[in-house]
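To start, the structure under review is shown below, and the notes come after it.
The values are calculated or read from the model by the stated rules, or taken from the named source; none is laboratory data. Keep in mind that this is a model prediction, so the values were computed, not measured. Backbone-built Cβ (ideal geometry, glycine too); neighbour counts: all protein chains shown. Surface accessibility is based on the protein's heavy atoms, side chains included, excluding ligands, DNA and RNA. Shrake-Rupley method; radii C 1.70, N 1.55, O 1.52, S 1.80 Å.
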There are 4 protein chains.
Amino acid sequence: MSDRFTPSPDDKFSFGLWTVGWQGADVFGPASRDLLDPVEATYQLAELGAAAVTFHDDDLLPDEAQREATLDRFRTALSDTGLVVEMVTTNTFSDPVFKEGAITANNREVRRYALAKVLRNIDLAASLGAKTFVMWGGREGAEHGASKNVGAAMDRFRDALDTVCAYVLEQGYDMRFALEPKPNEPRGDILLPSIGHAIALISELEHPEMVGLNPEVGHEEMAGLNFAQGIAQALWHGKLFHVDLNGQHGPRFDQDLRFGAGNLRGAFWTVDALETGGYEGPRHFDYKPPRTEDMAGVWETAAACMRNYLILKDKAAAFRADPEVVGALEAARVPELSEPTLAPGETLADLRAESYDIEGLATTGMAFERLDQLAMEHLLGVR
Amino acid sequence: MSDRFTPSPDDKFSFGLWTVGWQGADVFGPASRDLLDPVEATYQLAELGAAAVTFHDDDLLPDEAQREATLDRFRTALSDTGLVVEMVTTNTFSDPVFKEGAITANNREVRRYALAKVLRNIDLAASLGAKTFVMWGGREGAEHGASKNVGAAMDRFRDALDTVCAYVLEQGYDMRFALEPKPNEPRGDILLPSIGHAIALISELEHPEMVGLNPEVGHEEMAGLNFAQGIAQALWHGKLFHVDLNGQHGPRFDQDLRFGAGNLRGAFWTVDALETGGYEGPRHFDYKPPRTEDMAGVWETAAACMRNYLILKDKAAAFRADPEVVGALEAARVPELSEPTLAPGETLADLRAESYDIEGLATTGMAFERLDQLAMEHLLGVR
Amino acid sequence: MSDRFTPSPDDKFSFGLWTVGWQGADVFGPASRDLLDPVEATYQLAELGAAAVTFHDDDLLPDEAQREATLDRFRTALSDTGLVVEMVTTNTFSDPVFKEGAITANNREVRRYALAKVLRNIDLAASLGAKTFVMWGGREGAEHGASKNVGAAMDRFRDALDTVCAYVLEQGYDMRFALEPKPNEPRGDILLPSIGHAIALISELEHPEMVGLNPEVGHEEMAGLNFAQGIAQALWHGKLFHVDLNGQHGPRFDQDLRFGAGNLRGAFWTVDALETGGYEGPRHFDYKPPRTEDMAGVWETAAACMRNYLILKDKAAAFRADPEVVGALEAARVPELSEPTLAPGETLADLRAESYDIEGLATTGMAFERLDQLAMEHLLGVR
Amino acid sequence: MSDRFTPSPDDKFSFGLWTVGWQGADVFGPASRDLLDPVEATYQLAELGAAAVTFHDDDLLPDEAQREATLDRFRTALSDTGLVVEMVTTNTFSDPVFKEGAITANNREVRRYALAKVLRNIDLAASLGAKTFVMWGGREGAEHGASKNVGAAMDRFRDALDTVCAYVLEQGYDMRFALEPKPNEPRGDILLPSIGHAIALISELEHPEMVGLNPEVGHEEMAGLNFAQGIAQALWHGKLFHVDLNGQHGPRFDQDLRFGAGNLRGAFWTVDALETGGYEGPRHFDYKPPRTEDMAGVWETAAACMRNYLILKDKAAAFRADPEVVGALEAARVPELSEPTLAPGETLADLRAESYDIEGLATTGMAFERLDQLAMEHLLGVR
């Protein structure tokens, strides 16, 4: 059905080729779907209204012998469809060589190989015009307290980022890096487990301005954290370079549900944060169509990710524009938080000399529930 | 029983007066124990082997009329026992005036009152010789997506920290600040939910060198995060200014068990991280003796916190000294992670030109399980 | 606003007097609201459209001296408003006497006192016409492995239930019991932590037909369990005697949000399960208006609980009636699950002799995502 | 090292062939180890001190053409080593044919094929002398509210169990069934998510005495539940037919760590519950050697599972035998819970007529912390 929730390239929707291409292999069973040709997927995503695709080297180019041929076909597909490659990332987690990490592997040879793999892929990304290079350290971490020296691992992480930044500068590529935090799975405890930990690391880099984040809804929610609040902090730091949208049901295995599924109210606030917080990047989906679906079902999920985003965007805009909401925000004193606590020129002595009506302040209702219920009713479409 | 696990002031154990003073009131019932005189608690903690105490203003000085009298008695107790006040913190979360936050309350009057309360307490802390001032923003946050503008809240948080740092500098106090992260409870989602988020904020301050962290075991574990790994990252940033030791069983309500209870293996790695990672500060306990205990039980828990720390410290030292462990670390290539990935003078071209034995690297076992089992057996006392 | 989502007594909405009466005391701070007269609350709930109220003895009758006077006023309120008391429960968790349990306390005197308190309250419940008596064993459990003999505790739980059932039969009361499971908080691990554990216990009783469940949304979700699936199993066992509706954000402290807040999609499926699964009982809310609200905010939350239920009921009915949904259910083979696996008269030998097109079955898509997206769009009000 | 923690067949240790045989394929990467010949594994496990092995049909007999040859070799291995097959289970979750369930699949053909597969494997189990047949419904469940009719699924689950029980009776096999609960992964929400839900289902069967449980440590802990408490309830119902021992770190993906790793204090209480609660069955390990290990590491983990069990068994016995513990249990009034609440012949009128010293009972300390600390010190080996 074509309606106001039908996506167009202006909506900046982007998909990892590995999403629709996921074959359904998990810890408890092998693939349930055939291999999807990534070039075919590109045409199909364009058809559905996407603006861009992204990939890991291994998604697009699993076979070295076919590398140039596949790249040719892929470039043709991009040209035919008008899609762009907005982001590229490197798979440094699937091959058993990375079983104990990649850029923070104890084994120095593995680290060197990982870095070489990343560099080669940066060149490819640049050649395809990708402006963002994501680094997800899926196997950087440990299940065992002594097996990973965290301080040394942080050193290696920092060094690797400094190295790739220097390389990009030297090559004159127009490219920034985005770290993707995750608390666990497939490793017991992954380094940079949350948005905050990754921003912290960036503050120690040589070129902090070149490195930001690619947070994923489900990854933060696996730690019980509020994703909208997390990306709002990332935006505050100027570090929301990219985003991975999907769905999750709290602390458990990484579900990678289509966007909207899982924590729907969280998805509403996520869209609100992206749309009102100054985020200009792609709306990128990183999810897994359930193993129960055939390819028709896969394309349903891809369409639904975009459709749900547009529905939520529409509702979030209506919420913010509703005069009753404006009044409710006022009643909840939300705009007042933008006023500095100290008046211009005011001294701490002034502030301390003042007397406060503690009892009065304590008994003043904040009217947060009414505001929240207004949001609920916009979401449910009953206003 | 007096043995090698009997604490002495050299062990730098410190207790919040609110810990042994917790009366047992929770969401489902009122106090089960009488009010404990904080001065009496000070004597008792000294008796048990503690080196220091800490407090929130409201713990020590609930009654304004008794303020000076209580302070006199408290100073006498410190002098009698040799205990020091190593840290002070302000209660900006109990009084209903702070029901929607303190330094990030929407209500500007509340923010001003909170700041005044903090400043007054900084003066008190300085007068008592405390070198660390902890700030836990227990009510900074929200249950509702729209009720808190996260960007504005981060501005206010930053401003407040800049203000108190400037104040301390101006007064010439020898004092640093330590932020205490927590993901949730009592608010639905608390700002600065993890170690990482707090370090990230610090990187935006005017005086980042004056502000660090006071992470709490249970708070990180409520988000399913590995505490030892978290403090190792904090140490790497030079930000572990203080620590709150207790016990927790993963994502659920804040249990505040005595240290050692809950995740015991995590406690072992926590002690190992503190003892080998260069942490020089107090070993501070922040826990709640269960509501089932009378005062005799309360003192049992306080003694057990220290005893468990010393037992674990002993075991961690034995683990690190064991030649078999040294060999196992070598076999697991742990020291190799301290070697930079690039050799001095090596170029990326060199690195990329190299050929890697991927198959060989992939099939090399890491021997992490053997190493971990050695740690287990040290912990269990069977080696 | 009066519209089709305005509740009436026919909707069978019921509120615990302790919900709107919650004063906001939690582990980190005292009450933020004044005591609400329970009789006044009754009038107000009637005004908002509720059909019934429920209470713990201590909510309605905290003061023994005022017992008869309060009961008189309460009966008048019921008569004035037409509200009924559909359920009564006993507070066996707040008073410190119950700090280690009530009917499974180690201390036999405590158990005896608890049982006497329950019996007295059963008489009161019967005198007020309540047909359901809820038992939430909030403090039955332990934080310590050895402190509670689980087998003995199960014996005492069973005995207590057999005793109260026999008492009700003997008195000729028209009353059934409903157990309320919860995994933890305020105790570290509570006995009967889930819907399943409680049904299991019931199977061992002398009068299993008299005992069922009062599951609470948030309690199951604190264990990461799917509430709609849980009550569907309870309905299958004929054991859904009552229900506690509220909101929660997964494994963390017990949030007791208003119904709809928290896991909204879960709330939709919960309403669907109640409305299509044969549940005839009250729609009972057990939630806590946040500490940020004054009394106006409290009444907003009470109204919102009912309104959200009615909105979701409307949407669930529209979903089930939508011909496209009927088709999608068929495509997902949902009705086929109601066909027995063996045909009438068919032997296992027949079944085993058959040959199965495993490859064909494996590659057949289940079209679950399309069905789920239809539900999403009904929920969002865009169909 | 051979010492008192060296296992012998008398210890009844049993291993799934799929444990040491796990090749390391997960959602994020393929196998990191070669296929292990299950017959070779049998010899190796015997060498390490195991008493028994267990398997899924697909573990032992992946290749139909080799079925008889492999069975011959396997029988020889059993005869050579003295190992027995104590349990057999059917893989109804890996093949994509089971992607939406097996005995509760919507697709009736799938259900029929699943049942035939189970029946065939029951015959094999009987022929090998296995007394327990485990059923883990790993794919029985849903990610989508409408895609699974839970009531109908419970009907099919019950029917299937009634069918297989009747078959076993008819064939005269000496065999019982054990259900294995799990809350989620690989499905979003699995039917029978906890120990309690499975016992509840059993109460509705035609032959409830033939069906019990095979609970797994990690599965219950993924829901934040206390495993020792769970199996104690299962033992109380007479339903602990088998057990799966491993390690887990709370709500997150299924880690399947070696026994002892993860929640060590939980492991101590688990061993205590098994050893003192009347459990006579095998001590069966179901874990996954981490992907980082080669085969030498795999065998380390298998040995460590047994060794950790024996260490904990030794400590649990010492704890129970320690006179100080006996005194502490008395002080905590643990034995008092075994006294019925009502005295023989006592009426409820007697009980209600009594007066209770509520204040005195409320202020009596329970001394639970001292008891728990004694357990801690036994565990740590410092008593």
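Structural remarks
- Exactly one residue out of D:A46, D:A25 is open to solvent by 10 Å² or more (accessible area, probe 1.4 Å) and farther than 25 Å from D:F133 by Cβ: that is D:A25.
- Count - residues of region D:147-190 that are more than 30 Å from C:L274 (Cβ to Cβ), open to solvent by 40 Å² or more (accessible area, probe 1.4 Å) and either assigned to a loop (DSSP other than H, G, I, E, B) or within 8 Å of another protein chain (Cβ to nearest Cβ) (or both): 3
- Filter result (among the hydrophobic types (A, V, I, L, M, F, W, C) and surrounded by fewer than 18 Cβ atoms within 10 Å (Cβ to Cβ)) within region A:64-99: A:A65, A:A69, A:L71
- Only residues that are farther than 13 Å from C:E221 by Cβ, aromatic (F, W, Y) and surrounded by 23 or more Cβ atoms within 10 Å (Cβ to Cβ) were counted in region C:244-284, giving 1.
- Among the residues making up region A:294-304, those that are open to solvent by 10 Å² or more (accessible area, probe 1.4 Å) and in contact (Cβ under 8 Å) with a residue 12 or more places away in the chain are A:D294, A:M295, A:W299, A:A303.
- Scanning region A:325-333 for residues that are part of a loop (DSSP other than H, G, I, E, B), out of contact with any strand residue (DSSP E or B) (no Cβ under 6 Å at 6 or more places or on another chain) and either under 24 Å from B:R156 (Cα atoms) or open to solvent by less than 40 Å² (accessible area, probe 1.4 Å) (or both) turns up at least one hit.
- Listed by first and then second residue, the pairs with beta-carbon distance under 7 Å, at least 6 apart or on different chains, first residue in region B:57-71 and in contact (Cβ under 8 Å) with a residue 12 or more places away in the chain, second aromatic (F, W, Y), are B:D59/B:W18; B:L60/B:F74.
- Flag if B:R156 is within 19 Å of A:N226 (Cβ to Cβ) and under 21 Å from the mean Cα position of the chain (by Cα): no
- Screening region B:100-119 for residues that are more than 7 Å from chain A (Cβ to nearest Cβ) and either open to solvent by 10 Å² or more (accessible area, probe 1.4 Å) or in a helix (DSSP H, G or I) (or both) and picking the one that is nearest to B:R187 (Cα to Cα) gives B:I103.
- The test for being closer than 26 Å to D:V20 by Cβ, open to solvent by 20 Å² or more (accessible area, probe 1.4 Å) and touching a Phe, Trp or Tyr at 6+ places or on another chain (Cβ under 9 Å) does not hold for D:F227.
- Inclusion of A:L61 among residues that are surrounded by fewer than 22 Cβ atoms within 10 Å (Cβ to Cβ) and either at pLDDT below 95 or not polar (S, T, N, Q) (or both) is warranted.
- Of the criteria (1) more than 30 Å from D:D34 (Cα to Cα); (2) touching a residue at least 40 places away in the same chain (Cβ under 8 Å); (3) within 14 Å of chain B (Cβ to nearest Cβ); (4) in a loop (DSSP other than H, G, I, E, B), which one D:R291 fails: (1)
- Test: residue in region A:336-346 that is of a type in the set (A, V, I, L, M, F, W, C), closer than 23 Å to C:G297 by Cα and out of contact with any strand residue (DSSP E or B) (no Cβ under 7 Å at 6 or more places or on another chain): yes
- Of the numbered criteria (1) buried (at least 23 other Cβ atoms within 10 Å of the Cβ); (2) out of contact with any strand residue (DSSP E or B) (no Cβ under 6 Å at 6 or more places or on another chain); (3) free of Cβ contacts under 8 Å to residues at least 60 places away in the same chain; (4) not hydrophobic (A, V, I, L, M, F, W, C), the one D:R307 fails is (3).
- Scope region C:232-272; condition among the small types (G, A, S), within 11 Å of chain A (Cβ to nearest Cβ) and over 20 Å from C:T19 (Cα atoms); matching residues: C:G250, C:G266
- Tally of residues being open to solvent by less than 20 Å² (accessible area, probe 1.4 Å) and either among the hydroxyl-bearing types (S, T, Y) or at pLDDT below 95 (or both) across region C:29-43: 2
- Test: residue in region A:45-56 that is within 12 Å of another protein chain (Cβ to nearest Cβ), farther than 30 Å from D:K182 by Cβ and modelled with pLDDT under 95: no
- For A:D34: the one exception among (1) more than 18 Å from A:V84 (Cα to Cα); (2) acidic (D, E); (3) in a helix (DSSP H, G or I): (3)
- Criterion: of a type outside the set (V, I, T) and under 29 Å from B:V118 (Cβ atoms) - qualifying residue of B:F55, B:F28: B:F55
- Condition met for C:P290 (surrounded by fewer than 21 Cβ atoms within 10 Å (Cβ to Cβ) and out of contact with any Phe, Trp or Tyr (no Cβ under 6 Å at 6 or more places or on another chain)): no
- Selection count, region C:127-146, where residues are open to solvent by 30 Å² or more (accessible area, probe 1.4 Å) and of a type in the set (G, A, S): 3
- Pairs are defined by a Cβ separation below 6 Å, a sequence spacing of at least 6 or placement on different chains, a first member in region D:1-23 that is closer than 25 Å to D:D37 by Cβ, and a second member that is at pLDDT 95 or above and surrounded by fewer than 16 Cβ atoms within 10 Å (Cβ to Cβ); the pairs so defined are D:Q23/D:A31.
- Contacts under 6 angstrom Cβ, first residue in region C:345-366 being assigned to a loop (DSSP other than H, G, I, E, B), partner open to solvent by less than 60 Å² (accessible area, probe 1.4 Å), 6 or more apart: C:Y356/D:Y113; C:G365/A:E293; C:G365/A:D294; C:G365/A:G297; C:M366/A:T292; C:M366/C:A332; C:M366/D:E100
- B:W22 being within 14 Å of B:D286 (Cα to Cα), assigned to a helix (DSSP H, G or I) and either of a type outside the set (S, T, Y) or away from chain C (no Cβ under 13 Å) (or both): no
- First in region C:124-139 and within 14 Å of chain B (Cβ to nearest Cβ), second anywhere and part of a strand (DSSP E or B) and open to solvent by less than 10 Å² (accessible area, probe 1.4 Å), Cβ under 6 Å, 6 or more apart: C:R139/C:G101
- Residue check: D:D350 meets all listed conditions (1) within 11 Å of chain B (Cβ to nearest Cβ); (2) of a type outside the set (G, A, S); (3) open to solvent by 40 Å² or more (accessible area, probe 1.4 Å) but one, namely (1).
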